[in-house]
């Protein structure tokens with residue numbers, strides 16, 4: 001081979017060969033020295049050998065590339081360029097502990113006369129495309145906090161104490177501004193300290209400076225004893241005869257995580273809960289679209305419309321007069337705690353006024369307002385994932401740890417709800433698995449579960465993104481999770497109640513039921529066997545109520561209608577695909593679009609929506625009310641804005657009528673498209689003209 005031919009060969013293959021080494025430009029990997037002796041007598045054979053060697057080396061470089069780059073990140077609706085789910089590397093699946101086993105009777109989670117709810121595998125091919133390894137780092141870096149806290153004091157972190165040369169620190173208390181759920185007030189005085197300082201305030205800001213320049217800021221929360229609270233509890237408990245049977249209530253909420261995604265993304269936590277004999281409510285179904293209308297039934301026993309008529313008649317009113325569950329526990333002598341992170345989208349504050357007075361004895365919102373506004377960072381979609389160098393969800397778990405420690409020997413009702421990590425991203429719950437596992441393990445090892453009912457739960461599955469637009473994504477949206485852990489001594493003392501709870505794990509269940517269950521835990525005398533048998537007899541001779549305590553038998557004839565689950569969210573029945581040129585479907589879609597525009601008609605800044613295309617359509621049949629009903633669950637895309645909506649339209653054949661069943665779901669993020677309106681429901685649908 002002459003020099004010209006060799007050069008041309010090299011140029012065509014974009015590879016370099018000098019008799020000693022071969023370099024693959026694409027992967028920048030240096031391979032072993034290649035020595036090839038070219039014999040002029042057999043030039044054609046030598047060329048074929050070179051080509052074969054090059055192909056082998058290219059294959060090796062491709063495999064190397066896969067090994068050093070095994071994880072691709074997919075973020076739904078993120079601003080970064082997305083990567084198609086089909087290229088998710090399977091190595092990550094092998095790293096996930098598969099503690100999940102399809103549960104239920106013969107492949108069903110619920111198999112009763114009123115409801116068949118099929119079991120599905122979280123690792124089926126459809127969701128496997130969306131299982132990817134996620135990670136993030138706080139913008140403020142990985143450095144450890146300079147200041148730490150326990151239940152009573154601030155102290156210099158011993159792991160970084162050498163960084164405190166010539167640094168002066170002080171602490172400044174702050175508090176909730178009177179009658180304002182969105183404001184805090186700082187003390188004018190900042191109190192200096194050196195190594196540690198005992199704190200008697202609830203909320204504290206720390207500032208450290210060098211040469212009169214602030215170099216470090218952080219925020220801390222404590223649970224100081226409040227004299228008025230302690231006196232109220234003392235008076236209430238002095239009148240009660242059943243204190244020995246009462247348990248504290250700890251609700252750990254993880255926003256937007258379906259039951260299957262909890263198994264899929266947080267296997268360590270699931271495994272630990274099962275080891276603690278937790279009861280998992282396999283048929284737990286959401287009753288409305290998002291967090292607020294799903295937590296209102298849990299906290300009040302009412303649906304959102306009933307609550308609005310009772311105590312929130314206008315959007316400017318606060319929720320102070322509403323019969324929320326912590327009021328029952330407060331009257332009974334419990335200390336009450338309400339904590340949510342991601343302060344901009346909390347349950348009673350997102351486009352709503354919140355509370356005039358603090359709703360509970362200990363209320364985390366002032367801490368979140370101060371910390372997230374000042375040092376919140378690493379914002380993704382709706383939440384700051386970090387506060388300083390700490391992850392936001394770890395901060396709320398640290399607060400939970402202080403709660404269970406501070407009140408370990410006293411009664412409390414704590415409702416802790418985390419949204420910052422899990423609200424927006426299908427795969428982000430995996431990043432909290434270790435932390436939630438460690439917290440629950442801490443509570444267990446410290447023997448704190450002996451006086452606690454631990455409830456770990458969610459409100460719904462992920463509500464938008466590519467996965468939500470799949471068939472399994474729709475199912476998972478409707479099926480969040482609930483685990484309940486009760487002490488061994490309590491299970492032995494109330495065997496009938498415990499037996500009913502376990503049996504009901506295979507029943508259709510809702511947040512209305514959980515409300516009734518918590519009320520029973522407040523009154524344990526009603527759970528003794530003699531009382532419970534009388535209640536079971538009374539229930540058998542009465543109409544089936546909307547909410548049923550899980551310590552009572554849930555009738556096996558219970559349907560979604562009986563449980564007040566709108567058909568749009570009901571997963572009890574099977575569906576059939578409908579052809580898209582079906583006249584009745586077309587009429588239902590036209591009705592759907594008209595309903596959308598009717599809702600928007602009172603908002604002149606919102607565009608009139610037009611149908612762009614039908615993305616999916618299924619038909620469900622139901623003859624239970626004596627007149628044939630056809631429910632069309634339809635997914636459409638509209639213009640302008642390319643919004644993707646899903647709704648169920650019920651067609652009643654006897655009078656040729658149509659109506660929406662449940663609410664209209666928005667399946668993709670709306671971002672700033674609806675910034676011109678401040679009504680929290682309309683933001684899902686509006687496309688602003690300006």
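The values are calculated or read from the model by the stated rules, or taken from the named source; none is laboratory data. In this text, all values refer to a predicted model and were calculated from it rather than measured experimentally. All Cβ positions, even for glycine, are placed from backbone atoms using ideal geometry, and neighbour counts span all protein chains on display.
From (1) buried (at least 18 other Cβ atoms within 10 Å of the Cβ); (2) without any contact (Cβ under 8 Å) to a residue 60 or more places away in the chain, pick out the condition that doesn't hold for residue 674. Tallying (1) buried (at least 18 other Cβ atoms within 10 Å of the Cβ); (2) without any contact (Cβ under 8 Å) to a residue 60 or more places away in the chain, residue 674 fails exactly one: (2).
Among the residues that make up region 442-451, is at least one of them in contact with a strand residue (DSSP E or B) (Cβ under 7 Å, 6 or more places away or on another chain) and within 30 Å of residue 473 (Cβ to Cβ)? Checked region 442-451: no residue is in contact with a strand residue (DSSP E or B) (Cβ under 7 Å, 6 or more places away or on another chain) and within 30 Å of residue 473 (Cβ to Cβ).
Within region 672-689, does at least one residue satisfy the condition of being outside any strand (DSSP E or B), on the phi > 0 side of the Ramachandran plot and either in the same structural domain as residue 594 (by TED's automatic domain parsing) or at pLDDT 80 or above (or both)? Steps first, please.
Kept after step one, since they are outside any strand (DSSP E or B), are these residues of region 672-689: 672-687, 689.
The next check asks that each one be on the phi > 0 side of the Ramachandran plot; those that pass are none.
No - not one qualifying residue is present in region 672-689.
Residue check: residue 288 meets all listed conditions (1) touching a strand residue (DSSP E or B) at 6+ places or on another chain (Cβ under 7 Å); (2) assigned to a loop (DSSP other than H, G, I, E, B); (3) within 30 Å of residue 218 (Cα to Cα) but one, namely (3).
Residues in region 194-214 that are more than 21 Å from residue 399 (Cα to Cα) and in contact with a strand residue (DSSP E or B) (Cβ under 6 Å, 6 or more places away or on another chain): 195, 208, 209, 214.
Where strands (runs of 3 or more DSSP E) sit wholly within region 176-279, those with at least 2 residues that are crowded, with 21+ Cβ neighbours inside 10 Å and at pLDDT 95 or above occupy 203-210, 213-221, 248-254. The residue of region 304-320 that is nearest to residue 450 (Cα to Cα), among those that are in contact (Cβ under 8 Å) with a residue 24 or more places away in the chain and buried (at least 18 other Cβ atoms within 10 Å of the Cβ), is 319.
Report yes if residue 454 is over 23 Å from residue 535 (Cα atoms) and in contact with a strand residue (DSSP E or B) (Cβ under 7 Å, 6 or more places away or on another chain), otherwise no.
Working: over 23 Å from residue 535 (Cα atoms): yes; in contact with a strand residue (DSSP E or B) (Cβ under 7 Å, 6 or more places away or on another chain): yes.
Yes, satisfied.
Please indicate, with yes or no, whether at least one residue in region 343-357 is under 30 Å from residue 122 (Cα atoms), touching a residue at least 60 places away in the same chain (Cβ under 8 Å) and touching a helix residue (DSSP H, G or I) at 6+ places or on another chain (Cβ under 6 Å). Yes: region 343-357 contains one or more residues that are under 30 Å from residue 122 (Cα atoms), touching a residue at least 60 places away in the same chain (Cβ under 8 Å) and touching a helix residue (DSSP H, G or I) at 6+ places or on another chain (Cβ under 6 Å).
Here is a check on your reading of the model: is residue 428 outside the structural domain of residue 157 (by TED's automatic domain parsing), over 25 Å from residue 137 (Cβ atoms), within 20 Å of the chain's Cα centre (by Cα) and surrounded by fewer than 24 Cβ atoms within 10 Å (Cβ to Cβ)?
In short, no.
Residue 290 meets all of the listed conditions (1) at pLDDT below 95; (2) surrounded by fewer than 16 Cβ atoms within 10 Å (Cβ to Cβ) but one, namely (2). Has region 356-363 got at least one residue that is at pLDDT 95 or above and within 21 Å of the chain's Cα centre (by Cα)? Looking for residues that are at pLDDT 95 or above and within 21 Å of the chain's Cα centre (by Cα), one finds at least one in region 356-363, hence yes. Under the condition of being assigned to a helix (DSSP H, G or I), touching a strand residue (DSSP E or B) at 6+ places or on another chain (Cβ under 7 Å) and either modelled with pLDDT under 95 or farther than 15 Å from residue 299 by Cβ (or both), the residues counted in region 480-525 number 4.
Looking at 300, 275, 330, 256, which one is touching a strand residue (DSSP E or B) at 6+ places or on another chain (Cβ under 9 Å) and at negative phi? Don't jump to the end; show me each part of the working.
On the way: 300 fails: touching a strand residue (DSSP E or B) at 6+ places or on another chain (Cβ under 9 Å); 275 fails: touching a strand residue (DSSP E or B) at 6+ places or on another chain (Cβ under 9 Å); 256 fails: at negative phi.
Of 300, 275, 330, 256, the one residue that is touching a strand residue (DSSP E or B) at 6+ places or on another chain (Cβ under 9 Å) and at negative phi is 330.
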